[in-house]
Amino acid sequence: MQPSIFSYIKSEEARFETDEIKVGDNWNWSFRNHVQMIFHLKNGVFFTGANEWMRAFKNITEPILNLSYWMEDIELKDVVFYIEGEDNRVLSFLIKKYHDEVYVKENNLDTMFDEVTESDIDYGGALVQKTDKPKPEVLALNSIAFCDQEDILGGPIGFKFNFSPEKLRSMSKVGWGKESNGATITIEELITLATQEKSPTGTIAGKENKSTGKNIEVYIVRGDLPKHYLDDNNDMEKYLGQIQIVAYYTKKDNTKEGGTLYRKTEEEGNIKFHTSKKVHGRALGRGTGEAMLHPQIWSNFLTIHKMNMLEAASKVPLYTDDPTYSQKNKIQDMENLEITTIEDGKRIYQVPTAAPANIQLIDTSINEWYEVAQLGGSAFDPVLGKQAVSGTTFRGQNQVVQQGRGLHERRRGQRAKFFEEIYRDMIIPEMKRSILKGQKFLASLTADEMTWVSDRMATNYARDTRIESILNGEIPQEEVTLKQKFLSDFSKKGNKHLLEILKGEFNDAEIRMGINIAGKQKDLAGTSDKLLSIFQFIFANPQGFMSAMKIPALSKAFGDILEYSGLSISDFNSLINSEMPQAPQMSPEMQPSPVQPLLAQKTPA
């Protein structure tokens, strides 16, 4: 009998919880332990040992991670669309406005950006999947039940979730629980069999968590799997890309039984992975959270020992050479200023406990580990907002801040490229599908957009009006007059306009739109400044510029200026080769008479 998808999932999950891979000669690594350790420590919880308030935890990880979140944050205002070509510019314009006015507000893209950033910084990677919803979904790494620990998308990957009955019912909209989609159990049958227990995330053979209501344990598996799991045909040799959605319920004999809610073939590309710093031989890269592990663990170790020493130092144990003193007096029961007696020649001494010098050594060591954490997280004191050391100049402090931002800017730029990929493959196609269904929305237009839109609308209005006049046997008005009339009326409506896209209007149109995120893909502002400087130079003396371009040496020098500025000489070829309009020639009668010398105007004596 061939293994089932249910036994495959449970066996892979059990192996994933215990197996380690070898990354280097002396480096064993576990995906699960890596994620769980960082998850515990960044939230101020010990990964091993007792977790109680009387055990000191000095959290140095969280503030440094928070700084990285802030410095590497990419916001929606950092996403800039620009038109790459003239063809189908209308569709690109409408997608841009639909993105800014509708899509962003309905789907809360800021949250997706933040989740990708935090996952990459904390664990060294982020997973984003395409869903049936308009917005891509960021998958939590601690929800992974199993995966290839060397390449996260190199093999089948399984995710474990707990669904409430109502949430599970909502998935029927995408085909869960339907026999036509390969289901072997309906959603209602599964809810009836469900219990109020759910397996907690992050425990190996741990105690089941009790829930206030029913919970259904659901596994979503994606990747190349044997065809047998899809068709139940015992074909274990042929592999196909699949998505398997399986749920488990507890039977009366306390054994778990599985049922399939959905199974279909699936093409690659529905899940994307990003890491800012790859580590060869393992599934996750190296994030700031991993750089904090040793400083955090040793800071806790030293802090616990320091607290033990302080606790010892707070006690005042005594000893005496009077053997009868403790029989006659109970020091712990004495009142303040109570008088006692001691034999002649005898004394009471205090037992020395923790020495201040030892506590100072531990404090120094804790500070040293904090400096290691700052270096690993590029979180130097000026970047953290701390006051600079006395005598530090403003320029010196600014240079330290800029150097501290360097690593963060690099990772921010890498993540910007990943967001561009998400936009091109997941977001823009979804927005186009929504637009093709027909949309009507209110949009605010900028001055440039108002000019561009009004010009095209005025042209269309003038053309349609003239055609209608001709068909009615009337004399058409001049096109310029009609356009001026339309522009006058259009400008009175302000910059807020209701945009309406007819269903199927752009079915065959191709999107030609550039995306610039956080200035990584294209320095639009810098390019605009360069172009403005060039045009200011040309307009200052156009005739002189054209004359200079006729001289080969100067023309070559101008081409070098454009090349070194990151611009292309081909974009200015028509300008260089064109002739500037000449000043109008005056007729002979309009020519001013030459000025005669004063001596020539005098009559000789």
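List of remarks:
- Any chance Ala56 is farther than 30 Å from Gly155 by Cα and over 27 Å from the mean Cα position of the chain (by Cα): yes
- Segment 438-469: number of residues that are over 21 Å from Leu91 (Cβ atoms) and hydroxyl-bearing (Ser, Thr, Tyr): 2
- Among the residues of segment 306-323, those identified as more than 30 Å from Arg55 (Cβ to Cβ) and part of a loop (DSSP other than H, G, I, E, B) are Asp321, Asp322, Pro323.
- Unmet criterion (only one of (1) closer than 29 Å to Asn66 by Cα; (2) more than 47 Å from the chain's Cα centre (by Cα)) for Asp344: (1)
- Residue under evaluation Phe31, criteria (1) among the aromatic types (Phe, Trp, Tyr); (2) open to solvent by less than 20 Å² (accessible area, probe 1.4 Å); (3) farther than 30 Å from Phe301 by Cα, criterion not met: (3)
- Gly125 being over 27 Å from Glu500 (Cβ atoms) and open to solvent by 10 Å² or more (accessible area, probe 1.4 Å): no
- Hey, Arg263 within 30 Å of the chain's Cα centre (by Cα) and basic (Lys, Arg) or not: no
- Only listed residue being touching a residue at least 24 places away in the same chain (Cβ under 8 Å), open to solvent by 60 Å² or more (accessible area, probe 1.4 Å) and more than 20 Å from Gly413 (Cβ to Cβ), chosen from Lys130, Lys96: Lys130
- Subset tally (residues that are open to solvent by less than 40 Å² (accessible area, probe 1.4 Å) and assigned to a strand (DSSP E or B)) for segment 255-281: 8
- Just one of the listed residues (Met292, Met236) is in contact (Cβ under 8 Å) with a residue 60 or more places away in the chain, open to solvent by 40 Å² or more (accessible area, probe 1.4 Å) and in contact with a helix residue (DSSP H, G or I) (Cβ under 7 Å, 6 or more places away or on another chain), and it is Met236.
- Residues within segment 472-492 that are of a type in the set (Val, Ile, Thr) and either under 12 Å from Tyr461 (Cα atoms) or touching a residue at least 60 places away in the same chain (Cβ under 8 Å) (or both), tallied: 2
- Single residue of segment 155-168 satisfying the filter (in contact (Cβ under 8 Å) with a residue 12 or more places away in the chain and open to solvent by 40 Å² or more (accessible area, probe 1.4 Å)) that is nearest to Arg15 (Cα to Cα): Lys160
- The numbered conditions (1) open to solvent by 50 Å² or more (accessible area, probe 1.4 Å); (2) modelled with pLDDT of 75 or more; (3) part of a helix (DSSP H, G or I) are all true for Met431 except (1).
- Pair list, Cβ < 7 Å and 6+ apart or interchain, from segment 179-191 residues that are in a helix (DSSP H, G or I) to residues that are surrounded by fewer than 16 Cβ atoms within 10 Å (Cβ to Cβ) and not acidic (Asp, Glu): Asn181/Lys264; Ile187/Arg169; Ile187/Ser172
- Some residue of segment 139-149 being under 27 Å from Arg32 (Cβ atoms) and open to solvent by 60 Å² or more (accessible area, probe 1.4 Å): no
- Lone qualifier among Val104, Val80, Val138 - being more than 30 Å from Leu293 (Cβ to Cβ), assigned to a strand (DSSP E or B) and either under 19 Å from the mean Cα position of the chain (by Cα) or at pLDDT 90 or above (or both): Val80
- The set of residues in segment 459-487 that are surrounded by 15 or more Cβ atoms within 10 Å (Cβ to Cβ) and hydrophobic (A, V, I, L, M, F, W, C) comprises Ala462, Leu482, Phe486, Leu487.
- Qualifying helices (runs of 4 or more DSSP H) (wholly inside segment 324-402; at least 2 residues being open to solvent by 60 Å² or more (accessible area, probe 1.4 Å) and modelled with pLDDT of 85 or more): 356-376
- In segment 239-254, the qualifying residues are those that are open to solvent by 40 Å² or more (accessible area, probe 1.4 Å) and at pLDDT 90 or above, and the one that is farthest from the chain's Cα centre (by Cα) is Tyr239.
The values are calculated or read from the model by the stated rules, or taken from the named source; none is laboratory data. Owing to the predicted nature of the structure, the values given are computational and were not obtained by experimental measurement. Neighbour counts are summed over all protein chains in view; Cβ atoms, including those assigned to glycine, are modelled from backbone coordinates with ideal geometry. Just so you know, the surface numbers come from the protein's heavy atoms only, side chains and all, with ligands and any DNA or RNA stripped out. Shrake-Rupley method; radii C 1.70, N 1.55, O 1.52, S 1.80 Å.
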